[in-house]
Amino acid sequence: MISKTSQPLFKNIRDILDNHSSLFDAYAKLEPLILSIFGASRMSLFQRRKQHQDLVARFKTGKETTEIKVPISPLSIAGYVALAQRTILIDDPYNDAELKAIHPRLRFAGKFDKDSDFKTANILCVPILNAGVLLGVMQIINKRDGAFSDADIENGKMVAAVLGEKFRYELGGTNNPFDLLVHKGLLSQSVLDVLQDETPDTAACIQRMVSEHRVSEQNIGEALSTHYQVPFVSFLPDKYHLYEGNSKLNLSYLKRNLVAIIADVDDKPIVLMAEPNNAALLMEMESAMGIDSYDIAVGLPKQILQYLGEGSGGAPGEMSDILDEIGSSAEESEEQVDELSDDAPAVVRLVSRILHDAKRMDASDIHIDPEKNAPTRVRMRVDGVCRDMSQVPNSHHSAVIARIKIMANLNIAEKRIPQDGKLSFRINGQLVEVRVATIPTVAGEGVVMRILASGGAMPIEKMNLAPTTHRRIEEMIKKPHGILLVVGPTGSGKTTTLHAILGYLNTPDKKIWTAEDPVEITQPGLQQVQVSPKIGFTFANALRAFLRADPDIILIGEMRDKETAHAGIEASLTGHLVLSTLHTNSAPETITRLLDLGLDPVNFSDACVGILAQRLIRTLCGKCKEKYIATEKDLAFINRQYGPDYIGELNLPEPLELYKAKGCDHCGNTGYKGRTGVHELLGMTPELRGLVYKEASVEAMKKQATKDGMRSLIQDAIFKVIKGDTDITQIQSFSSD
Ligand SMILES: [Zn+2]
């Protein structure tokens, strides 16, 4: 459709481009020529920038060079043309309806108009392509007499094609995705031709280059990067993860089109495509995700599939993918999908993924909660706080529960009564043990899994004991006999503490027996026994057995009843060091509890060397915690809770600097990461012993113990606030003690 008169103009354009080393240099001569073709008054030439995924147009105004940058997105006219790779004609850029008809979010910035007295009346905008790869955008503005015509569109395409050749040359693009391999001498042109001829499927073709011609994936990636003018991203699971929004897209669609939305550590989304010049696909992705800001990168088909969870070496795949897979078959009737039916592999992988995620996040518990007529909730407790993780379609609830029950050797058919068992799985070669409890609810069977701490004992130095407490506890456990109790509610870290103490005491000259339920932490050198009350092997039985087995130190997991408590005291009075736990809230209260159980006050106070009460509190994220000057309110709280008689020992500086939670990527924006212990260590002194004989009140014993050196949980917590481990809000929970 080119009029004969314009033909010489194209030749002129070519000549100008050939005689200048860059498009920018040629611009001054090029502009009047191109404008004369269209009879228009202005033009902009945008060049695509490979590393930035945007377009940049440069203008010379006098001595200055101005740059305009626009992202490749529907938020601007040039950006949209680059994204959609189609020519558009706009009769009035100020007519919103006209823009909306092209793309719902298309905008005309009009910045130029605002900054000058120029008014944009109409626009012809053409993508500049070469070998199907977008290199830039040409924008022709304000046709002098009336509107742009079909002939202008055709001329626009011709000019763009001529410019495309020049752009390609300037940007170093290639005609064929694999040309760079030939250029580098990694493949000969004839081999490449044969390969592409015999193997039209790109993924298979790349596979042949790797396996038959020893071309590295990195080299192939670089060739693709040069051709498509976007960065190459290989499979680096430590650096990139699937973007959250990826789960909104249908997995099989993504796999079929070899596209994944990944994100880097800053969670910046990257659309990773095997063919980044597939504008239609990019447009679909763009509208499905509903985000404007993202990068585009080229990936190898195999590696894109790896991001999507395929063939990643036996790993169970991403939760979202498995759920997606399950979701696509969720229309089946509910009765049909019971136990491990057709969906078995997906369900097996789903349970496996839940367990892996829990371990990876360092969760202590996993809750699988059935809901009536709603998806099953999967929650995990991390650092003591429950978090929603994912949902499982209602139709697959029983299959998931059945899978867990099979793994834990529980009766699948029995759904009316609670059951408990244990399962184990491997992650990175490490065996992880999980205690499983099923509980029937009105909405169905629920499961709670406790992930048992694995690995060895924590060194006593890592317990974050206050210096005085540290010194006092070492004195206590050096005694050859007596009983030391570690007390606190479930999940307060008692087992960790006991094993830290055992680790300290564990030397070849001592015989150490432990009776635990369950055995969570193992240490070489200890004789550890798993008790099983169900078959009549109780803590008391184990203790009696140990006494016949020449022990020096005995750990009794818990003094649940009078019989065990009594046996523990007896053992400690006959020359053994006994360690045990109790579910009590404070150290002084423990004494009253044991006396209430019917223990003899004289025997107990003679045997007891100490009682350590403890809690875990959340610690501030080290990457984002914020320093501030303590407020009047903070100071009043600290004074009141630490007590006027003891506050002096803290030697508080003035002004007092404390820390508070902020939130960053490292801590999932919570401001907290990990937990630490707070401790209350009561030592048995002659004065306190006198009060135990008299069965004095908890208050009286607490007062005496404090005089003897004990600091309460809240006092220790305040010490840790001042140390910067945690903030005041975290310790207000037990300020009522
Ligand atoms: Zn943080």
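The values are calculated or read from the model by the stated rules, or taken from the named source; none is laboratory data. Keep in mind the model is a prediction, meaning the values are calculated, not measured. Cβ: placed from backbone, ideal geometry, glycine included. Neighbour counts: every protein chain shown.
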Query raised in the report: Do we have E626 as farther than 20 Å from G482 by Cα, within 16 Å of the ligand (Cβ to nearest atom) and among the acidic types (D, E) here?
Result: yes
Report summary line: G610 passes all but one of the listed conditions (1) under 41 Å from the mean Cα position of the chain (by Cα); (2) modelled with pLDDT of 95 or more; (3) more than 16 Å from the ligand (Cβ to nearest atom); the exception is number (1)
Report task. Out of T619, T581, report the one residue that is assigned to a strand (DSSP E or B), within 16 Å of the ligand (Cβ to nearest atom) and not acidic (D, E). Result -> T619
Report summary line: Scanning region 29-57 for residues that are among the small types (G, A, S) and either closer than 26 Å to Q229 by Cβ or in contact with a Gly (Cβ under 6 Å, 6 or more places away or on another chain) (or both) gives S44, A57
Report summary line: Taking region 594-649 and keeping only residues that are touching a Gly at 6+ places or on another chain (Cβ under 6 Å), of a type outside the set (A, V, I, L, M) and over 25 Å from K673 (Cβ atoms), one is left with G610
Requested in this report: Could you tell me whether V487 is crowded, with 17+ Cβ neighbours inside 10 Å and within 31 Å of the chain's Cα centre (by Cα)?
Outcome: no
Report summary line: Within region 643-682, restricting to residues that are farther than 27 Å from V385 by Cα and in contact (Cβ under 8 Å) with a residue 24 or more places away in the chain, the one that is farthest from the ligand (Cβ to nearest atom) is L682
Report summary line: The number of residues in region 116-156 that are under 17 Å from P32 (Cα atoms), among the basic types (K, R) and not in a strand (DSSP E or B) is 1
Report task. Quick one: which residue in I90, I2 is touching an Asp or Glu at 6+ places or on another chain (Cβ under 7 Å), more than 26 Å from T226 (Cα to Cα) and at pLDDT below 80? Result -> I2
Query raised in the report: Any idea which residue in region 530-542 is nearest to G568 (Cα to Cα), counting only those that are in contact with a Phe, Trp or Tyr (Cβ under 9 Å, 6 or more places away or on another chain) and surrounded by 13 or more Cβ atoms within 10 Å (Cβ to Cβ)?
Result: A542
Query - Filter result (outside any loop (DSSP other than H, G, I, E, B), farther than 21 Å from R49 by Cα, among the hydrophobic types (A, V, I, L, M, F, W, C) and within 22 Å of the chain's Cα centre (by Cα)) within region 263-307 - result: M289, I304, L305
Query raised in the report: Out of (1) closer than 21 Å to L135 by Cβ; (2) of a type in the set (A, V, I, L, M, F, W, C); (3) part of a helix (DSSP H, G or I), the odd one out for C205 is which?
Result: (1)
Query raised in the report: Taking the condition within 28 Å of the chain's Cα centre (by Cα) and either closer than 30 Å to D267 by Cβ or assigned to a helix (DSSP H, G or I) (or both), does D716 pass?
Result: no
Report summary line: Checked L45, L55, L30 against criteria (over 36 Å from the mean Cα position of the chain (by Cα), buried (at least 18 other Cβ atoms within 10 Å of the Cβ) and in a strand (DSSP E or B)); the one match is L45
Report summary line: Scanning region 354-375 residue by residue, the ones that are surrounded by fewer than 19 Cβ atoms within 10 Å (Cβ to Cβ) and either on the phi > 0 side of the Ramachandran plot or touching a His at 6+ places or on another chain (Cβ under 7 Å) (or both) total 2
Query raised in the report: Can you name every residue in region 276-300 that is free of Cβ contacts under 8 Å to residues at least 60 places away in the same chain, more than 24 Å from A223 (Cα to Cα) and of a type in the set (G, A, S)?
Result: S287, A288, G290
Report summary line: Screening S390, S424 for residues that are among the hydroxyl-bearing types (S, T, Y), part of a strand (DSSP E or B) and surrounded by fewer than 16 Cβ atoms within 10 Å (Cβ to Cβ) leaves only S424
Report task. Output the residue which, of all residues in region 238-279 that are hydroxyl-bearing (S, T, Y) and out of contact with any Leu (no Cβ under 9 Å at 6 or more places or on another chain), is surrounded by the most Cβ atoms within 10 Å (Cβ to Cβ). Result -> Y243
Report summary line: Considering residues that are in contact (Cβ under 8 Å) with a residue 60 or more places away in the chain and surrounded by fewer than 23 Cβ atoms within 10 Å (Cβ to Cβ), the number found within region 587-605 is 6
Query raised in the report: Going by the conditions given, is H227 at pLDDT below 85 and over 30 Å from Q47 (Cα atoms)?
Result: no
Query raised in the report: Does region 442-465 include one or more residues that are of a type outside the set (K, R), part of a loop (DSSP other than H, G, I, E, B) and free of Cβ contacts under 8 Å to residues at least 24 places away in the same chain?
Result: no
Query - Among the candidates F637, F604, residue that is under 20 Å from E570 (Cα atoms) and either away from the ligand (no atom under 16 Å from the Cβ) or in a loop (DSSP other than H, G, I, E, B) (or both) - result: F604
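Every residue, every condition in (1) surrounded by fewer than 16 Cβ atoms within 10 Å (Cβ to Cβ); (2) part of a loop (DSSP other than H, G, I, E, B), yes or no:
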| site | (1), (2) |
| --- | --- |
| D509 | yes, yes |
| R544 | yes, no |
| A549 | yes, yes |
| L555 | no, no |
Query raised in the report: From the residues in region 683-708 that are part of a loop (DSSP other than H, G, I, E, B) and of a type in the set (A, V, I, L, M, F, W, C), which one is nearest to the ligand (Cβ to nearest atom)?
Result: M684
